[in-house]
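Notes to accompany the following structure.
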Amino acid sequence: MPNNQFMHPRNIYRTPPAFKELSVKYPEFNKYASTGLNGKIVFDFKNQEGLRLLTTILLKKDFDLDVDLPVGRLIPTIPLRLNYLLWIEDLFNLNYDNTKKIKGIDIGTGSSCIYPLLAAKQFQWSMVGTDINKEAVKNAIKNVEKNNLQNLIQVLEVSEWERLLPVAVDEHYDFCMCNPPFHSYSNLNSDDDEADSSVGITSEMYTIGGEVDFVKKMIKESEILQNSISIYTTMVGYKASLDPLKNELKAIGACTVAEAGFYQGRNARWGIAWTFQSDIKLKDFLPNKEFQKEKLKQLRPPVSFKIPETYDSTTALTKLSELLASLKLSIATLKSKSDENVLYQADIQAYENTWTHQRRKRRLEKRLADIKRQKTNDNCLHIESDDEKADQHLETTVNAKPLFSATVVLRKTDNSICIDMLHMYGNRDNSYQVFQFFKNRFI
């Protein structure tokens, strides 16, 4: 399932760029694109020069930004950057009216200065971008000047041994943001998607201890700065980084913490925000979870039947397990921690129809077994022909995609045991046939 539907609702790249239009308007684009057999324009995203050109074209066409992206530096993924900024805008919309002048800090702005440029151009925010690399700072300043945004953007060179957040005692910022080096030096040969599509200098993508240690330093500084910055935010490249960072924020007494998921194409990143101000509201942005909730709302109620009283919990579970095994289903057993009345719960998927014509299949299987037992040298050739014919009757079609997916629950009530089956997706008729198969075998 494409991740574009999980992009922020206001992200213009939920609708992918029209490559055909780009090829007409920007002839230089055709050097890195080809026409497929279906007539569609295909772009080579692995080509560094082509990707750099596409990024500069989109920045100019969609934001009227002229941006120089030096060779050998990180090529920013524009949909991802926009997702991050739109989430921050959502946080402001929770707390301020649209007349407030917003001022923020971008930690590690890079040679493109992409976040300050987009923030200033798209939202009219005032930004300070920092970086430890002298050449990156020079190029970032050139990009700011090229777009006449000096009144909104300031770029500072900082030392990696000093504070990440250069906030003076009497200064206040509405937010800070950070796109940290995701990887530890121990993972220098990372297979990260953005790393594949960008050739960045080592300090842009790698740091001692990886992103967790980098952001922990930022968290420690926030503990000192407290309300000097209203909303602290950072992006992370690994979902596993969220829990240790949230634990760190809990330890320092952050008032509120929120998280976000940024999805674009096959690439995913995550965000985390925190504040020390009790009057500041934060909100999660987790579009994949919201999507799943909406899908669940659209589901029909589960079908159910009561098992005869001759079965107890043990024999009912044994019988259901045998039936599931006989159907050759893909089974993922689920453990219910919240409901002690649930005896068994599993997600099932069927890749072949094994539940229809069961009686006929059993007769064929018996016949095949009898033939094999009675095989002799005199009728070997004839018997082998029967074997092949019987095998052909027993063949079933195995599909690459599941015919259906459902959840099966065996549960006990006050005075009975029931089986529930909730159809999730795929062929509903097949799902109901399997439910009827269970019912017929129990009753």
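The values are calculated or read from the model by the stated rules, or taken from the named source; none is laboratory data. Values in this document were obtained by computation on a predicted structure and should not be read as measured data. Neighbour counts are summed over all protein chains in view; Cβ atoms, including those assigned to glycine, are modelled from backbone coordinates with ideal geometry. Just so you know, the surface numbers come from the protein's heavy atoms only, side chains and all, with ligands and any DNA or RNA stripped out. Shrake-Rupley method; radii C 1.70, N 1.55, O 1.52, S 1.80 Å.
Of all residues in the range 93-119, how many are at pLDDT 95 or above, in a helix (DSSP H, G or I) and surrounded by fewer than 21 Cβ atoms within 10 Å (Cβ to Cβ)? Result for the range 93-119: 0. Please work out which one of (1) assigned to a helix (DSSP H, G or I); (2) farther than 20 Å from Ser23 by Cβ; (3) out of contact with any helix residue (DSSP H, G or I) (no Cβ under 6 Å at 6 or more places or on another chain); (4) not aliphatic (A, V, I, L, M) is the condition Arg81 fails and give its number. If we test Arg81 against (1) assigned to a helix (DSSP H, G or I); (2) farther than 20 Å from Ser23 by Cβ; (3) out of contact with any helix residue (DSSP H, G or I) (no Cβ under 6 Å at 6 or more places or on another chain); (4) not aliphatic (A, V, I, L, M), just (3) comes out false.
Scanning the range 1-32 for residues that are at pLDDT 85 or above, open to solvent by 40 Å² or more (accessible area, probe 1.4 Å) and not in a helix (DSSP H, G or I) gives Pro9, Arg10, Thr15, Pro16, Pro17, Ala18.
If you check Thr35 against the conditions, is it surrounded by 18 or more Cβ atoms within 10 Å (Cβ to Cβ) and without any contact (Cβ under 8 Å) to a residue 60 or more places away in the chain?
Judged against the criteria, Thr35 is not a match.
Every test in (1) closer than 25 Å to Asn83 by Cβ; (2) in contact with a Phe, Trp or Tyr (Cβ under 7 Å, 6 or more places away or on another chain); (3) not acidic (Asp, Glu) is passed by Ser23 save one, and that test is (1).
Considered as a group, the residues in the range 413-426 that are under 15 Å from Ile348 (Cβ atoms) and modelled with pLDDT of 90 or more include one that is most open to solvent (accessible area, probe 1.4 Å), and that residue is Asp420.
Looking only at the range 285-305, count how many residues are at pLDDT 65 or above, in a loop (DSSP other than H, G, I, E, B) and farther than 13 Å from Phe6 by Cβ. Number satisfying all stated conditions: 3. Whenever a residue of the range 310-331 is closer than 13 Å to Lys439 by Cα and polar (S, T, N, Q), it has no partner that is surrounded by 15 or more Cβ atoms within 10 Å (Cβ to Cβ) and at pLDDT below 90 lying with C-beta atoms less than 7 angstrom away and at least six residues away or across chains. State yes or no: is Asn139 assigned to a helix (DSSP H, G or I), under 17 Å from Ser230 (Cα atoms), open to solvent by 10 Å² or more (accessible area, probe 1.4 Å) and among the polar types (S, T, N, Q)? Spelling it out, it is not the case that Asn139 is assigned to a helix (DSSP H, G or I), under 17 Å from Ser230 (Cα atoms), open to solvent by 10 Å² or more (accessible area, probe 1.4 Å) and among the polar types (S, T, N, Q).
When the strands (runs of 3 or more DSSP E) confined to the range 213-284 are screened for residues that are crowded, with 19+ Cβ neighbours inside 10 Å, among the hydroxyl-bearing types (Ser, Thr, Tyr) and in contact (Cβ under 8 Å) with a residue 12 or more places away in the chain, those reaching at least 2 such residues are found at 229-236.
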